[in-house]
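Asks: Sharing a structure with you now.
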Amino acid sequence: MTKDPDFYMTWTDAGPGLGLDTRITLLVTGLIFLSALLLGAWKYHGIRTSREGAAHIYVDIAHRAALMYSFAGLLLAVFTELSAWPTAVNLTADLVILGFFVAAIATYAWHGWRRDTTNQFRGDIDASTRLAMAALMVGEVGGFLVLFTGFLKAQF
């Protein structure tokens, strides 16, 4: 029986690979997912060792955020790969969004480690926190709009 050579293609024969912007986005997304798994182990430890049977709320939030952000990163990678914009534009948009994702996860984990609050926005919010939140909103929404408009331009 003759083997079909097309069936045995190697990954290098599969045509053009993913763009550098997409590969970097997937790399960072993979690291975020790995952090979600590790945060899940921390959360489990908190559940097993606490009297209440629950991890600190910010450990829980960090775990959930990392899971959600890792899947959001996959969505970013798809829009990046299908975008009409140059690699540098897409990569900048991706890294702005992913940078804010990572900063949020790190902040939640920090509060979980310190066990210093159950609501980081309770009480007086200083100007630097308000500025950081405004930057987060502009960066995430603006970064995605860059990718989305690149997708629309290329596909429609």
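Asks: Roughly what angle does helix 87-114 make with the longest principal axis of the chain, taking Cα atoms, 0 to 90 degrees, to the nearest 10?
Replies: Taking the Cα atoms of the chain, the angle to 87-114 is about 30 degrees.
Asks: Leaving out ligands and nucleic acids, note down the accessible area per residue over the chain with a 1.4 angstrom probe, in whole Å².
Replies: Normalised by residue count, the accessible surface of the chain is 66 Å².
Asks: Report P(r) for the chain: all Cα-Cα distances, bin width 10 Å, range 0 to the bin holding the largest distance, values in whole percent.
Replies: Reading the bins upward from 0: 10, 30, 27, 19, 9, 3, 1, 0.
Asks: Applying a 10 Å radius around every beta-carbon, put 27-35, 136-144, 120-128 in order of their mean neighbour count, most first.
Replies: On the way: 27-35: 17.4, 136-144: 15.2, 120-128: 8.9.
Taking the mean over residues of other Cβ atoms within 10 Å, the ranking is 27-35, 136-144, 120-128.
Asks: Which FRET efficiency value, to the nearest 0.05, do you get for Phe148 and Asp116 by plugging their Cβ-Cβ distance into 1/(1 + (r/R0)^6) with R0 = 35 Å?
Replies: Working: r = 37 Å, r/R0 = 1.06.
Efficiency computed from Cβ-Cβ geometry: 0.40.
Asks: Then there's this: How many angstrom lie between the Cα centre of region 130-156 and the Cα centre of region 92-118?
Replies: The distance from the Cα centre of region 130-156 to that of region 92-118 comes to 19 Å.
Asks: Follow-up. On C-alpha positions alone, give me the angle between the axis of helix 127-155 and the longest principal axis of the chain, in degrees, nearest 10.
Replies: In the chain, helix 127-155 runs at an angle near 20 degrees to the longest axis.
Asks: Still on this structure: Read phi for every residue in region 28-42 and hand back ³J(HN,Hα) as whole Hz from Karplus 6.51 cos²θ - 1.76 cosθ + 1.60, θ = phi - 60°, with x for Gly and Pro.
Replies: 5, 4, x, 5, 5, 5, 4, 5, 4, 5, 5, 5, x, 5, 4
Asks: Tally up the carbon and sulfur contribution to the accessible surface of the chain as a whole percent, 1.4 Å probe, everything protein left in place. Intermediate results must be reported in sequence, preceding the final value.
Replies: Working: 6950 of 10280 Å².
It is 68 percent, rounded to a whole number.
The values are calculated or read from the model by the stated rules, or taken from the named source; none is laboratory data. What you see is a predicted model, and the numbers here were worked out from it, not measured in a lab. When we count neighbours, we look across all protein chains shown, and the Cβ atoms used for this are built from the backbone with ideal geometry, even at glycine. When the accessible area is computed, the model is the full protein with side chains, heavy atoms only, and any ligands, DNA or RNA have been set aside. Shrake-Rupley method; radii C 1.70, N 1.55, O 1.52, S 1.80 Å.
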